[in-house]
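Here the structure is laid out as structure tokens; the discussion comes afterwards.
What follows draws every value from the coordinates through simple rules; no lab data is involved. Treat the numbers as computed from the prediction; the structure is a model and nothing was measured. Cβ coordinates were reconstructed from backbone atoms using ideal geometry, including for glycine residues, and neighbour counts include every protein chain displayed.
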Amino acid sequence: MNLFEELEKEVKSGNVTEYNKTQASLNELKEKYGSEVPQCETKDGYNRSKAIASECRAIRTALENKRKKIKAPALAFGKMIDAQAKDLKAEIEAIEQPHLNAYREQDEIKKQRKIAFEEKLISIKDLPNQAHDKTPDEIELMIDDLACVSIDKETFGHKLEDAEAWIPSILEQLSLAHSKAIDAKIEQDRIEQERKELEELRAMKAKQEEEERQRQLQADIEENKRIQAERDAMLAKEAEERAKAEMQAEIERQKLQAEQAQRDAEERAKQAEIEAQKRIEQARIEEQQRIQAEQDRLEEEQAQREANKRHIGTIRKQAKESLMSLGISEEKAKEIVLAIHNGEVKNVSISY
């Protein structure tokens, strides 16, 4: 308890006694350097600022070490307080939790029952809205179901007074809706009957119009047949006259065509003779060109052979002279070069 009492005393005083020495050192620093402005542009100023910083750092480091030393027992004590409190809390909760869960479960059951009572009353209040699009039989069933509902504490719980006030009014509204639905059904049946009668009248009228249309259509068909027959007779006469005219025109056309064909044949024969003379002349020219080209090719090949022969001779002469430069006689050098040229020396060739 001494530690606790000391801590409490320190807290009440608002001052940590262990820091008194550091506070004295701080006061000395303020007195010596508090208003001094660093002047590090010169070497002396630089060294002075460095020395002052070093002196401050030593006091600050000592303060930090003191803080950790003073605080260590308090931290240990705090950890011990938290650990024991945690264990005690767990044991208390082990006793508390089952009772807490039990009464909360009952609270939830009560809450759900209240919600159920409220939802049941809300659903009853909404019955008039649901009846808007129902048939008389469906509304009558809704009235019977509501009339069978027991208006008691077991059914409505804390909403019993609301149920006693609302259900008779709801039954009255449903009865009114039932009457309106019956009237609407009667009106709907009347409209439906009128619609059916109107459809029957329309169908009868459409049938009469269709019969009249068919009679008129048949009359039109007979009239069209008569007109078509007259038109066919007239067309047949016109076709006969047109056939005669066409036959005469065809005879004249064939006569003219035969004459033109004869003239064309004579012209083609004349043109063919000219073309034949041209082909003969062209063939003669092409043969001369071919002979000249063949002669030019032979002369070119001969020139290439001569040039190749001279080239080979030059290469062989160079090879012979190279061998002679090695001390080989000219005759022997010729034999070696010739043997290499003929492939008689293995793995040795002349590059031409």
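If the limit is 27 Å between Cα atoms, which of 32/71; 309/334; 125/180; 21/50; 111/153; 125/185 go over it? Before the final figure, lay out each step's value.
On the way: 32/71 30 Å; 309/334 16 Å; 125/180 19 Å; 21/50 24 Å; 111/153 16 Å; 125/185 25 Å.
Pairs exceeding 27 Å: 32/71.
Applying the Karplus parametrisation 6.51 cos²θ - 1.76 cosθ + 1.60 with θ = phi - 60° to the phi angles of region 262-272, what ³J(HN,Hα) value in whole Hz is obtained for each residue in order, glycine and proline being reported as x?
Rounded to whole hertz, the list is 5, 5, 5, 5, 5, 5, 5, 5, 5, 5, 5.
Can you find, among 173, 329, 295, the residue sitting farthest towards the positive end of the charge dipole of the chain, where Lys and Arg contribute +1 and Asp and Glu -1 at Cβ?
329
Taking θ = phi - 60°, what integer Hz values does the Karplus form 6.51 cos²θ - 1.76 cosθ + 1.60 yield along region 244-257, in sequence order, with x for Gly and Pro?
Coupling constants for region 244-257: 4, 5, 5, 4, 5, 5, 5, 4, 5, 5, 5, 5, 5, 5 Hz.
Can you find, among 339, 191, 282, the residue farthest towards the positive end of the dipole of the chain? Put +1 on the C-beta of Lys and Arg, -1 on that of Asp and Glu.
339
Under 13 Å from the Cβ of residue 309, count the other residues' Cβ atoms, weight Lys and Arg +1, Asp and Glu -1, and hand me the total.
+2
Order of 156-163, 260-267 by packing, highest average Cβ count within 10 Å first?
So the peptides 156-163, 260-267, ranked by packing, come out 156-163, 260-267.
Pop out the ³J(HN,Hα) list for region 98-112 in order, Karplus 6.51 cos²θ - 1.76 cosθ + 1.60 with θ = phi - 60°, rounded to Hz; leave Gly and Pro as x.
Those phi angles translate into x, 5, 4, 4, 5, 6, 5, 4, 5, 4, 5, 4, 4, 4, 5 Hz.
Put +1 on the Cβ of each Lys and Arg and -1 on the Cβ of each Asp and Glu in region 69-186; which of 102, 85, 128 then has its Cα farthest toward the positive end of the dipole?
85
Which ordering of 17, 135 is given by a fewest-first count of other beta-carbon atoms within 10 Å?
Starting with the residue having the fewest Cβ neighbours, the order is 17, 135.
Which of 212, 118, 335 ends up with the largest GNM mean-square fluctuation for the chain, with Cα atoms connected below 10 Å?
Result: 335 has the largest fluctuation of those listed.
Can you compute the charge dipole magnitude of the chain about its Cα centre, using +1 on each Lys and Arg Cβ and -1 on each Asp and Glu Cβ, nothing else charged? Give it in debye, rounded to the nearest 20.
Computed about the Cα centre, the dipole is about 3920 debye.
Please arrange 25, 175, 325 by counting, for each residue, the other beta carbons lying within 10 Å of its beta carbon, fewest first.
Values: 25 17, 175 13, 325 9.
So the residues, fewest neighbours to most, are 325, 175, 25.
Give the calculated FRET efficiency between residue 122 and residue 84 to the nearest 0.05, with a Förster radius of 51 Å applied to their Cβ-Cβ distance.
Values: r = 54 Å, r/R0 = 1.05.
Rounded to the nearest 0.05, the efficiency is 0.45.
Hey, got the dipole for region 146-292? About the Cα centre, +1 on K and R Cβ, -1 on D and E Cβ, debye to the nearest 20?
Numbers: 27 positive and 38 negative charges, 187 e Å.
Here region 146-292 has a charge dipole of around 900 debye.
Hey, how many Å between the Cα centroid of region 34-95 and the Cα centroid of region 255-332?
113
In nm, give the distance between the simple-model label positions of residue 190 and residue 315, each being 7 Å from the Cα along the Cα-to-Cβ direction.
12.7
In deg cm²/dmol and to the nearest 500, what is the mean residue ellipticity at 222 nm of the chain if only DSSP H runs of at least 4 residues count, each as -39500 (n - 2.57), divided by the residue total?
Details: 8 runs with 306 residues, N = 352.
Helices in the chain give a 222 nm mean residue ellipticity of -32000 deg cm²/dmol.
If each of residue 197 and residue 141 carries a label point 7 Å out from its Cα toward its Cβ, how far apart are those two points in nm?
A separation of 3.3 nm, rounded to one decimal place.
State to the nearest 20 debye the size of the charge dipole of region 2-103 about its Cα centre, where the only charges are +1 on K and R beta carbons and -1 on D and E beta carbons.
About 580 debye.
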